[in-house]
Amino acid sequence: MKDHKFSPESLMMSHGYKPELSEGAIKCPIFQTSTFVFKTAEEGKAFFEIAYGIREKNPKEELGLIYSRINNPNLEILENRLCLWDKADDCAVFESGMSAISTVLLEFLKPGDLLVYSNPVYGGTDHFVNHFLPSIGVDVLGFHPDESIDDVKKMIIATGKATNLSMIYMETPANPTNYLIDIQAFADLAKEFSTSERKVLTAVDNTYMGPLWQHPLEHGADLVLYSATKYIGGHSDLIAGAVLGNQEVMGRVKVLRTFLGNMISPNTAWLLLRSLETLKIRMDKQTAGAQEVAKYLAKHPKVEGVNYLGLLKEGAEQYKIYQKQCSAPGAMITLDVKGGEKEAFQLLNNLKLIKLAVSLGGTESLAQHPNSMTHAGVDSEQKKRMNITDKMVRLSIGVEDAKDIIWDLSQALNKVEIGKKELAYS
């Protein structure tokens, strides 16, 4: 009989863990320890040689346990399981999504390098890219979803720094607009600017789709990043981040993580291991509910527009990208309330079941106002360019009954007072 290949969701309860090494405990214990005992001095020396990159691992050699800033059983088991979803060689987990993002950018960019990035991105990423990176001498160039590959190529050449291009960074779907970026097309563009001495990397923030609905590495990306706080954690009770990729790039990421010291704690890793067991069940429920909610909102007279992947029109360019790289429309919805900030706030202030809070991907449905909250620090002209307006409300659909979510939105929208001008367009 041939060996059976289990699906990732079936392996989330057991992969990478041996109960016999932990007194037979069915669940991995929390290894709440700072350091680990070596059997011999020679063993300790060998472990450090690999950890500090002094030499490569032998084919059957594993990185031994040294110190929880470097490795810990909870981290290693978690990283092994996360690799299954994205079919990655290796994974590194961090104490937040921003620490994962900043570590990757710091490792692969140096003064004089050029970073090309998509717009919009998460507000924290936007600030790091546009304020911190230039302060250390990194040049940045943003592009928008309505700009073609040829447009971006011309923009890169026009900078006069094409030979310094080091990375193309994408967030797709974009936060908060749900705009899609063609990962494969930009991975191919990175290859065009690569040389035998200098490879241009592509990195994708896949937080909006979690490790279930989109797999950037399969479409040519070198690195995939997550705010693991979101769908991977999924219960709004922890902060974490993750980066995945091939062995070569992940070796560099992990070395820098060791010296920055921004890995997660054993306790947080244990909580994430718990969450991975129900990841597919939660995410399947969330996207099913979001599809019903989006259809309802698209027909509501007080809603001017809805951005949701499940509502993309067949034949449209965005729909073609969706069909190519996504397996589901996700659970993130943005809607434009007729009016402006006043009307958007009326909707938010009258919700009963849905909670007014930032973040996303948790079991509870959340609503927030990107223009004044998560993207408050983004340049106002840039926000206009990206259609992040004062009428926009972002919804993260949880695991509640879709009928209850729709009821809550209905009663809240009923309390939104639309002026005569807006009603005239209804």
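Between segment 1-54 and segment 78-141, how far is it from one alpha carbon centroid to the other, in angstrom? Comparing the Cα centres of segment 1-54 and segment 78-141, I get a distance of 27 Å. Taking the Cα centroid of segment 343-360 and of segment 176-190, what is the distance between the two, rounded to the nearest whole Å? Computed from Cα coordinates, the inter-centre distance equals 31 Å. Look at the dipole of segment 1-155 built from charges on Cβ: of SER99, CYS83, PHE128, the Cα furthest out on the positive end belongs to CYS83.
Listed by chain and number, the aspartates and glutamates whose C-alpha is less than 20 Å from the C-alpha of LYS383, apart from same-chain residues fewer than 8 away, are ASP126, ASP146, GLU147, GLU171, ASP205, GLU304, ASP336, GLU341, GLU343. Figure legend: label point modelled 7 angstrom from the Cα of GLU43 along Cα→Cβ; residues of segment 61-85 with amide N under 17 Å from it are 61-68, 71-73. Over segment 279-423, one equal point on each Cα, no solvent: what is log10 I(q)/I(0) by the Debye formula at q = 0.11, 0.21 Å⁻¹? The Debye formula, applied to the Cα set alone, gives -0.41, -1.39.
Dipole orientation for segment 279-423: of the candidates TYR319, GLY330, ILE388, TYR319 has the Cα lying most toward the positive pole (charges on Cβ; Lys, Arg +1; Asp, Glu -1). Seen against the Cα atoms of the chain and their longest principal axis, helix 149-158 is set at about 70 degrees. Placing unit charges on the Cβ atoms only, positive for Lys and Arg and negative for Asp and Glu, gives the chain a dipole magnitude near 540 debye about its Cα centre. Seen from THR125, the other residues with C-beta closer than 15 Å to its C-beta sum to a net charge of -2, counting Lys and Arg as +1 and Asp and Glu as -1. Overall, segment 279-423 carries a charge dipole of about 180 debye about its Cα centre when +1 sits on the Cβ of Lys and Arg and -1 on the Cβ of Asp and Glu, all other atoms neutral.
If you wrap the tightest convex hull around every Cα atom of segment 335-382 and split its volume per residue, you get 91 Å³. Please build a GNM for the chain, connecting alpha carbons under 10 Å apart, and tell me which residue among LYS352, LYS295, LYS57 fluctuates the most. So, out of LYS352, LYS295, LYS57, the one fluctuating most is LYS57. Provide the net charge surrounding LEU217, with neighbours chosen by a C-beta distance below 11 Å and charges set as Lys +1, Arg +1, Asp -1, Glu -1. Overall, the nearby charge balance is -3.
For segment 279-423, the relative contact order comes to 30 percent (Cα pairs under 8 Å, sequence separation of at least 6).
When the pairs LYS280/LYS302; LYS299/LYS403; LYS57/LYS254; LYS87/LYS254; LYS60/LYS199 are compared against a 22 Å limit on Cα-Cα distance, LYS280/LYS302; LYS60/LYS199 fall above it.
Note on the chain: with a GNM built from Cα contacts shorter than 10 Å, the maximum mean-square fluctuation among ALA46, ALA290, ALA92 falls on ALA46.
Ordering of 330-339, 13-22, 116-125 by packing is 330-339, 116-125, 13-22, highest average first (other Cβ atoms within 10 Å, averaged per residue). Farthest towards the positive end of the charge dipole of the chain, among the residues GLY24, ALA242, LEU180, is the Cα of LEU180, using unit charges on the Cβ of Lys, Arg, Asp and Glu. Assuming charge only on the beta carbon of Lys and Arg (+1) and of Asp and Glu (-1), the dipole of segment 319-399 about its Cα centre is about 220 debye to the nearest 20.
Just so you know, all these numbers are worked out from the coordinates, no wet-lab data involved. Every value quoted in this text rests on a predicted model; they were computed, and no experiment measured them. All Cβ positions, glycine included, derive from the backbone under ideal geometry; neighbour counts span all protein chains shown.
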